[in-house]
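The values are calculated or read from the model by the stated rules, or taken from the named source; none is laboratory data. What you see is a predicted model, and the numbers here were worked out from it, not measured in a lab. Methodologically, a virtual Cβ is constructed for each residue, glycine included, from the backbone with ideal geometry; neighbour enumeration extends over all protein chains shown.
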Amino acid sequence: MSLLAVEAAYRRVLAGAEPVARTERLPLREARGRVLADDLRSRRTQPGFDASAMDGYAVRARDAVTGAELAIVGEAAAGHGWAGSVGPGEALRIFTGAPVPEGADAVLIQEDTERLAGSARIKVTDAATAGDHIRRAGVDFAEGGLLCPAGTVLSAGAIALAASGDHSHLTVRARPRIAILATGDELVLPGEPIGPHQIVASNTFGLAALAEQSGGTVLDCGIAADDEAEIGARFDEALQAGADVFVTIGGASVGDHDLVGKVFEAKGVELDFWKVAMRPGKPFMAGRKGPMRIAGLPGNPASSLVAATLFLAPLIRRLSGLPDRPLYREGVLADAMPANGPRANFVRAIVAGETEGRPRLTALGKQDSSLLSVYARADALLMRPVNAAPARAGEPCLYVPLD
């Protein structure tokens with residue numbers, strides 16, 4: 001099977017992917033960042049009455065001319081309305097959020113009045129105009145009106161709006177289930193005894209964090225030995241658990257101990273492609289078994305995380321109902337870069353400063369695909385195109401943010 005271009009692999013991974021149909025109902029405090037499943041309509045009108053926008057006096061504008069004296073007939077505060085009606089020559093002391101009483105058509109702010117000593121009267125120092133400082137009923141939204149359409153990613157503002165519309169719970173799209181299986185006799189979990197020829201499994205935890213950051217929930221399938229039967233059994237468990245994506249780590253190449261492809265073939269996986277023209281991360285495979293999508297990642301840490309960032313994270317976002325992001329963003333090289341070979345090279349880099357409004361990228365010194373210390377320092381993948389000529393500092397470049 002020939003190597004597939006990165007951009008083509010990206011399109012094929014996302015082809016036909018739709019948000020999961022499952023939904024769940026969450027209290028507002030748990031809904032931040034989730035995707036609204038249905039149109040959200042208000043259960044009330046906001047505000048439900050004409051309200052004062054300022055501290056001052058509710059008056060009839062035609063009475064509140066400069067120099068006029070008005071009698072104070074009562075007081076209204078937020079949550080405590082006044083039952084009477086403002087008549088000619090009268091003013092009601094009113095505070096922000098209080099209902100505007102009948103008869104009044106303006107709020108005269110207190111800075112535009114002078115309290116007359118020894119009496120319950122005020123003098124107008126700056127005239128009022130009808131409508132001044134009144135928030136009309138329904139100015140924010142009306143009962144039955146659309147607050148947020150389906151597909152809205154629930155921000156702090158959207159959640160506050162939902163609460164104001166009298167919703168205590170929201171129906172959101174369920175998070176896609178991402179089953180993650182690490183493979184290899186050499187792997188042990190952090191904290192477990194390590195044999196002389198073993199390493200600590202790190203990819204599982206990085207990929208789980210990436211999956212959750214992208215909107216998924218993780219089904220940890222643990223570590224499978226280099227054994228086709230054991231890998232196949234974990235595959236079956238993920239399928240039965242309703243995983244939306246089954247992710248394997250390691251065993252995706254063509255060596256004698258690379259068994260994942262053989263298991264997929266035995267299980268009837270429809271393999272879409274295997275191997276991408278990129279480094280690191282060439283041995284990435286994608287396919288599906290019924291409704292469950294398959295992502296086979298290489299075992300080297302940087303290779304695994306680069307491939308997951310390019311292909312798995314966008315797939316999870318699509319399944320979550322989150323908006324797609326462009327594959328690449330535009331930046332500027334901070335330093336000269338050498339020519340590149342026949343595979344797109346994703347160089348671990350940091351973003352520092354700008355040049356003419358575009359982020360400036362600096363490649364990190366070591367790029368070996370086994371080095372997590374370098375990957376952890378990076379905040380971007382600087383993409384060097386296939387067969388790119390040498391590039392000078394200041395030239396434009398494309399990159400993928402690591403966020």
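The set of residues in the range 13-33 being in contact with a helix residue (DSSP H, G or I) (Cβ under 9 Å, 6 or more places away or on another chain), surrounded by 10 or more Cβ atoms within 10 Å (Cβ to Cβ) and either under 26 Å from Leu297 (Cα atoms) or of a type outside the set (D, E, K, R) (or both) consists of Val13, Leu14, Ala17, Pro19, Val20, Leu28, Ala31.
In the range 76-96, how many are out of contact with any Asp or Glu (no Cβ under 9 Å at 6 or more places or on another chain), part of a strand (DSSP E or B) and surrounded by 14 or more Cβ atoms within 10 Å (Cβ to Cβ)? Going through the range 76-96 one residue at a time, the tally reaches 2. Please determine, by comparing only the residues of the range 24-39 that are hydrophobic (A, V, I, L, M, F, W, C) and assigned to a loop (DSSP other than H, G, I, E, B), which one is farthest from the chain's Cα centre (by Cα). Per the stated criteria, the residue is Ala37. Does Ser253 satisfy being modelled with pLDDT under 95, assigned by TED's automatic domain parsing to the domain that holds Ala307 and under 32 Å from the mean Cα position of the chain (by Cα)? Considered against the rule, which asks whether it is modelled with pLDDT under 95, assigned by TED's automatic domain parsing to the domain that holds Ala307 and under 32 Å from the mean Cα position of the chain (by Cα), Ser253 comes out as no. The strands (runs of 3 or more DSSP E) falling completely within the range 97-185 that include 1 or more residues that are modelled with pLDDT of 95 or more and within 30 Å of Arg317 (Cα to Cα) map to 146-148, 169-173, 177-183. Residues in the range 216-240 that are under 31 Å from the mean Cα position of the chain (by Cα), part of a helix (DSSP H, G or I) and not charged (D, E, K, R): 4 in all. Screening the candidates Ala8, Ala21 for the property of being within 30 Å of Arg288 (Cβ to Cβ) and assigned to a loop (DSSP other than H, G, I, E, B) yields one hit, Ala21. The one condition from (1) more than 20 Å from the chain's Cα centre (by Cα); (2) under 30 Å from Phe346 (Cα atoms) that Pro47 does not meet is (2).
Within the range 336-348, is even one residue among the charged types (D, E, K, R), farther than 20 Å from Asn300 by Cα and at pLDDT 95 or above?
Of the residues in the range 336-348, the ones among the charged types (D, E, K, R) are 343, 348.
Of the ones still in play, those that are also farther than 20 Å from Asn300 by Cα are none.
No: zero hits.
Among the residues of the range 323-347, the ones that are surrounded by 19 or more Cβ atoms within 10 Å (Cβ to Cβ) and either assigned to a strand (DSSP E or B) or assigned by TED's automatic domain parsing to the domain that holds Val13 (or both) come to 8 in all.
Do we find a residue being within 26 Å of the chain's Cα centre (by Cα), more than 20 Å from Arg11 (Cβ to Cβ) and outside the structural domain of Ala37 (by TED's automatic domain parsing) anywhere in the range 257-280? No, every residue in the range 257-280 fails to be within 26 Å of the chain's Cα centre (by Cα), more than 20 Å from Arg11 (Cβ to Cβ) and outside the structural domain of Ala37 (by TED's automatic domain parsing). Just so you know, in the range 348-366 the residues that are more than 24 Å from the chain's Cα centre (by Cα) and free of Cβ contacts under 8 Å to residues at least 24 places away in the same chain include one that is surrounded by the most Cβ atoms within 10 Å (Cβ to Cβ), and it is Leu364. Scanning the range 138-191 for residues that are among the hydroxyl-bearing types (Ser, Thr, Tyr) and more than 30 Å from Phe246 (Cβ to Cβ) gives Ser155, Ser164, Ser168.
The single condition among (1) part of a loop (DSSP other than H, G, I, E, B); (2) under 30 Å from Pro323 (Cβ atoms); (3) at pLDDT 95 or above; (4) not hydroxyl-bearing (Ser, Thr, Tyr) that Val13 does not satisfy is (1). Of Glu237, Glu265, Glu212, all but one fail to be surrounded by fewer than 23 Cβ atoms within 10 Å (Cβ to Cβ), farther than 23 Å from Ala376 by Cβ, at pLDDT 95 or above and charged (D, E, K, R); the exception is Glu237.
If you scan the range 375-403, which residues turn out to be among the aliphatic types (A, V, I, L, M) and over 20 Å from Gly353 (Cα atoms)? Result: Val386, Ala388, Ala389.
When we screen Gly299, Gly281 for residues that are touching a helix residue (DSSP H, G or I) at 6+ places or on another chain (Cβ under 6 Å), modelled with pLDDT under 95 and not in a strand (DSSP E or B), the only hit is Gly281.
Taken as a whole, the structure leaves Ala243 outside the set of residues that are of a type in the set (Gly, Ala, Ser), buried (at least 20 other Cβ atoms within 10 Å of the Cβ) and assigned to a strand (DSSP E or B).
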